[in-house]
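What follows is a set of notes on a single structure, which appears directly below.
A short reminder: the numbers here are calculations on the coordinates, not readings from a lab. This is a predicted model, so every value here is computed, not measured. With ideal geometry, Cβ positions are generated from the backbone for all residues, glycine too; neighbour counts draw on all protein chains shown.
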Amino acid sequence: MSVWFGNAVLSRYRTKDTETSEDLGVIQTATLTLLALIIGFTFSMAIDRHDNRETLEEGEANAIGTEYLRADLLPSNVSARTKDLLNQYLDQRILFYSRQSKEKIQEIHQKTDELQNALWNEVLPVARTQPTPTMALVVSGMNDVLNAQGYVQAAWWNRIPYPAWALMAAIALCANILVGFGARNFNKNVGLFMIFPFVTSVSFFLIADIDSPRGGVIRIEPRNLITLKQNINPKMVLSNPSSTNN
């Protein structure tokens, strides 16, 4: 629509002299270069956030796996309950990464908070009655488990700001208007002039898709958490995280 608007509405005000055409070429080049830079920087931001989310998923799996092993240092009854709670907690963390409705996500958050409180309440009495370096190691591991979830949640909230999207959209609209404004044989080459807005739209889609960890085509998969679940309890592994919705 911007290309069409630039050609059908604004091109009637374009003068035909050579100097104006040269000036228009300079403006088009500068605008298209700016758009390319903005898209490139924004794409880099999205990739960095995507890589950070994958790294944090790996770190969370390591924290849960380490604490599962350290639970053997607790008294036998407390150790069994802690391991069972960690198993349940791991299921919720795997579900967190799957495609879910808003209601289900809220339910996962609530269940995760309950399990975190239960896990902390399991190790806290033992740490108070047995303030040894060994118990300090167990408490530190549990603290890492709880912190890892907070880091992951913060990374998922860290999206490309809306003002950045607005800036990109404004520059893209201006660039496409200038393309239409400078077109001399628009009616004969409509398909050719549609290549640029198509490529721009694909770039926007790719950035938005990478910046959406739960939705879209490119998503964050909990591979490390699923592998940990297989190692801890192969018989109860979730082959498909979304299957627990039922």
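Quick notes on this one:
- Contour excess over end-to-end distance, with Cα ends at TRP120 and ASP72 and 0.36 nm allotted per residue: 15.7 nm
- Spin-label pair ASP113-TYR151: with each label point 7 Å from Cα along the Cα-Cβ axis, the two points sit 2.3 nm from one another.
- Segment 75-206 - convex hull of the alpha-carbon atoms, volume per residue in Å³: 148
- Spatial separation of Cα centroids for segment 23-69 and segment 96-172, in angstrom: 22
- Förster radius 45 Å - calculated FRET efficiency between LYS104 and LEU137, Cβ distance, rounded to 0.05: 0.80
- Modelled FRET efficiency - R0 30 Å, SER201 with THR55, Cβ distances, 0.05 increments: 0.50
- In range of the label at ILE38: residues from segment 204-224 whose backbone nitrogen is under 18 Å from the point 7 Å along Cα→Cβ: 204-209
- A Förster radius of 30 Å combined with the Cβ-Cβ distance from ARG219 to ARG128 puts the calculated FRET efficiency at roughly 0.10.
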